[in-house]
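Chemist: Take a look at this one; I'll ask things after.
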Amino acid sequence: MITAREVDPFDDDLFGRWYAAFRAGAGYERPDALLVTREALTYSLRNPGEAKRRIPVGAFDGDRLVGAMLFEYRLLDNLDSVEVEIDVPPADRRRGAGTVLWRWASARARSLGRTVIQTEQGVPSEPWPGAVFAAGLGFTVEHVEDHLVVPLPYDEARLERLRSSVGELDGYRLTSWAGPCPEEHLQEYADLHTAMDQDVPTGGMTWNPAPWTVDRMRTNEERMAASYLTLVTMAHTLDGTPAGYTQLHLMPSDPDNAMQSDTLVLRDHRGHRLGVHLKLANLDQLAKHRSTQVRLHTWTAKSIAAMRRINDQFGFVPVEENRELELTVANLRPAARGVVLDAENRLLLMHFRFDDGNEVWATPGGGVEPGESLHDALTRELREEIGLEPPADPPHLWHQQVVAQGHATGYDGVINDYFLIRVDSHQAAGTMSAEELAEENVHGHRWWTQEELHTHQGPATFAPRALPTLIHHLLTEGPPETPHLLGL
């Protein structure tokens with residue numbers, strides 16, 4: 001059975017296997033993909049910042065790692081969204097690893113109270129497996145950029161032609177630096193970053209960035225400096241008003257690639273070829289600091305015709321599409337439940353009675369608290385309700401999603417994961433008193449034989465509704481290799 005769990009970035013061997021799977025899946029048949037290096041990702045994960053939490057998650061078949069996911073969420077803005085990247089090496093695809101990672105991601109998003117899930121994909125051709133997988137989950141493409149590349153060292157003849165065609169810079173002065181921003185430009189630099197976040201096209205993506213402050217800028221620069229050398233050129237009018245900037249990044253851990261990131265010209269200063277002047281000046285910096293890099297990468301939204309023309313003038317060639325996708329999910333309460341069977345194949349069920357008169361017989365278990373894994377929640381709930389300790393790796397039987405009002409207060413529905421617990425016999429008595437259980441609508445329990453399950457006429461219903469049939473299949477066919485998907 002394939003399972004998902006967090007990977008410790010301080011465990012060099014395990015993290016190395018995770019990164020190998022991550023890179024093998026992300027880079028397969030994408031010769032021009034720009035992938036984060038292990039060194040840069042290791043630093044980021046081992047030294048979390050105040051703006052974002054990043055979690056590496058692995059899909060495991062026993063001890064073998066068969067898939068990798070990077071799960072991220074922002075802490076200062078966009079508090080309703082998470083970002084995921086799921087990568088499965090080609091040899092391990094079509095075995096359910098991606099689905100298991102997706103279930104982990106959606107469950108963690110729900111535990112955080114976040115209902116918007118976002119992802120990015122580099123797509124060199126159609127049909128592309130990752131795009132097909134995302135579409136099957138319900139993601140929609142909200143924004144598309146071209147990923148472009150130009151060879152390094154730069155063609156000097158092309159640069160000379162550009163310098164000649166663009167002419168002298170009139171009415172502006174340029175300032176360039178490598179590394180941290182000079183103190184005298186820091187507030188303006190932060191303001192330009194805020195303007196960039198507000199100006200950059202995002203299509204239909206949910207995007208509500210927080211303003212850049214001086215402190216945030218310095219913190220970000222300190223973190224970036226551990227993995228990147230940033231080259232910046234900034235434009236001012238002759239009276240000192242900031243007009244735009246551009247950025248390049250060199251990565252010491254990546255000997256082949258350099259990255260062109262932001263280029264911004266404020267709206268009041270457009271139409272003066274200022275973007276070309278900024279890029280030319282920053283390429284002069286790149287020529288001084290470049291070592292072995294042979295490719296310069298950039299990304300441009302298909303909707304920005306002016307920047308597309310500039311990139312064409314600089315010799316950039318599109319190599320793939322960069323797609324931004326989004327999925328809004330219902331706010332479902334996640335829960336872990338135990339299918340407890342004794343030596344006689346009797347099933348232990350809890351009796352729920354609600355204020356509206358409805359009665360339900362359901363398996364023991366309950367909601368997953370923030371930060372808990374499914375197994376942690378299962379262990380806590382079974383101790384509280386029936387005084388039972390589950391095994392370390394119980395078979396994962398069923399995954400149920402119900403989107404409907406009335407199943408959990410404050411939620412759009414529920415998501416239940418069911419695990420098989422085998423006992424010889426058990427006297428159900430947990431740490432919660434009868435009064436405490438009654439406050440949660442639990443009014444007793446009982447063991448059910450298979451005959452009693454199949455002949456039950458109500459008025460109480462079972463949860464899941466097909467519980468007698470599910471138990472019959474479990475006893476005749478054994479636990480499934482991957483969890484079966486259930487409805488109500």
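The values are calculated or read from the model by the stated rules, or taken from the named source; none is laboratory data. Here the structure is a predicted model, which means the values were calculated and not measured. Note that each Cβ is placed from the backbone with ideal geometry, even for glycine, and that neighbours are counted across all protein chains shown. When the accessible area is computed, the model is the full protein with side chains, heavy atoms only, and any ligands, DNA or RNA have been set aside. Shrake-Rupley method; radii C 1.70, N 1.55, O 1.52, S 1.80 Å.
Chemist: Work through the residues other than His143 whose Cβ is under 11 Å from its Cβ and net out their charges, Lys, Arg +1 and Asp, Glu -1.
Modeler: Values: positive: Lys302, Arg323; negative: Glu120, Glu142, Glu145, Glu321, Glu324, Glu326.
Taking every other residue near His143 into account, the sum is -4.
Chemist: Under a point-charge model restricted to the Cβ atoms of Lys and Arg (+1) and Asp and Glu (-1), what is the dipole moment magnitude of the chain relative to its Cα centre, in debye to the nearest 20? Don't skip to the end; give the middle numbers.
Modeler: Details: 45 positive and 72 negative charges, 240 e Å.
Computed charge dipole of the chain: roughly 1160 debye.
Chemist: Based on alpha-carbon positions alone, could you give the equivalent ellipsoid semi-axes of segment 4-92 from the gyration tensor, as √(5λ), descending, whole Å?
Modeler: Numbers: eigenvalues 93, 47, 35 Å².
Taking √(5λ) for each Cα gyration eigenvalue gives 22, 15, 13 Å.
Chemist: Now, a different point. Tally Lys/Arg at +1 and Asp/Glu at -1 over every other residue whose Cβ is under 15 Å from the Cβ of Phe314; what's the total? Don't skip to the answer; put the middle values down first.
Modeler: Details: positive: Arg158, Arg161, Arg163, Arg273, Lys279, Arg295, Arg308, Arg309; negative: Asp146, Asp155, Glu156, Glu160, Asp284, Asp312.
Here the charged neighbours net out to +2.
Chemist: Quick one: what Rg and Dmax do you get for segment 170-286 from the alpha carbons, in Å?
Modeler: That works out to 14.2, 40 Å for Rg and Dmax.
Chemist: Dipole of segment 211-345, Cα-centred, from +1 at each Lys and Arg C-beta and -1 at each Asp and Glu C-beta, to the nearest 20 debye? Can you show the working numbers first?
Modeler: Working: 16 positive and 16 negative charges, 109 e Å.
Around 520 debye, computed over segment 211-345.
Chemist: When the helices in the chain are scored as -39500 (n - 2.57) per DSSP H run of 4 or longer and the sum is shared across all residues, what 222 nm value do you end up with, to the nearest 500 deg cm²/dmol? Before the final figure, lay out the partial values.
Modeler: Numbers: 13 runs with 147 residues, N = 488.
Taken over the chain, the calculation gives -9000 deg cm²/dmol.
Chemist: Further question on the same structure: Positive end of the dipole of the chain, charges at C-beta (+1 Lys, Arg; -1 Asp, Glu), about the Cα centre: which of Gly25, Met234, Leu148 has its Cα farthest in that direction?
Modeler: My answer, from the dipole projection, is Leu148.
Chemist: Starting from 0.36 nm per residue, how many nanometres of slack lie between Lys288 and Asp61 once their C-alpha separation is accounted for?
Modeler: Working: separation 227, 0.36 × 227 = 81.72 nm, distance 4.82 nm.
Length gained between Lys288 and Asp61: 76.9 nm.
Chemist: Using only the alpha-carbon atoms of segment 203-256 as identical scatterers, what base-10 log of I(q)/I(0) does the Debye formula give at q = 0.19 Å⁻¹?
Modeler: With one equal scatterer per Cα and no solvent, log10 I(q)/I(0) is -0.95.
Chemist: Given a cut-off of 14 Å, what percent of all Cα-Cα pairs of segment 304-378 lie beyond it?
Modeler: 79 percent
Chemist: With every protein chain left in place, what is the accessible area per residue of segment 1-75 in square angstrom, probe 1.4 Å?
Modeler: Numbers: 3370 Å² over 75 residues.
Accessible area per residue: 45 Å².
Chemist: A follow-up question, please. Which one, Val294, Gly204, Ala190, projects farthest toward the positive side of the charge dipole computed for segment 190-313 from Cβ point charges (K/R +1, D/E -1)?
Modeler: Among Val294, Gly204, Ala190, the one farthest towards the positive end of the dipole of segment 190-313 is Val294.
Chemist: Enumerate the whole-percent occupancy of each 10 Å bin, from 0 to the last occupied one, for all C-alpha pair distances of the chain.
Modeler: Going from the shortest bin to the longest, the percentages are 4, 17, 25, 21, 14, 10, 7, 3, 1, 0.
Chemist: About the Cα centre of segment 76-123, how large is the charge dipole given +1 on each Lys and Arg Cβ and -1 on each Asp and Glu Cβ? Please answer in debye to the nearest 20. It would help to have the intermediate numbers written out before the result.
Modeler: Working: 7 positive and 7 negative charges, 81 e Å.
Charge dipole of segment 76-123: 380 debye, to the nearest 20.
Chemist: Counting Lys and Arg as +1 and Asp and Glu as -1, what is the net charge of the other residues whose Cβ lies under 11 Å from the Cβ of Glu384?
Modeler: On the way: positive: Arg380, Arg383; negative: Glu381, Glu385, Glu436, Glu440.
Residues close to Glu384 contribute a combined charge of -2.
Chemist: While we're looking at this one, here's another question. Mind giving me the nanometre distance, one decimal, between the label points for Glu372 and Gln450, set 7 Å out from Cα along Cα→Cβ?
Modeler: So the label points at Glu372 and Gln450 sit 3.2 nm apart.
Chemist: Which peptide among 132-145, 68-81 comes first, and what is the full order, when sorted by highest mean count of other Cβ atoms within 10 Å? Mind dumping the intermediate values first?
Modeler: Values: 132-145: 15.9, 68-81: 18.7.
Descending packing order for the listed peptides: 68-81, 132-145.
Chemist: Another question, then. What number do you get for segment 340-410 when its Cα radius of gyration is normalised by 2.2 N^0.38 Å, N = residues?
Modeler: Working: Rg = 13.8 Å, N = 71, 2.2 N^0.38 = 11.1 Å.
My calculation over the Cα atoms of segment 340-410 gives 1.24.
Chemist: Place the peptides 117-130, 13-26 in order of packing, highest mean first, counting for every residue the other Cβ atoms within 10 Å and averaging per peptide. Kindly include the intermediate steps, with their values, before the conclusion.
Modeler: Working: 117-130: 16.6, 13-26: 19.2.
Taking the mean over residues of other Cβ atoms within 10 Å, the ranking is 13-26, 117-130.
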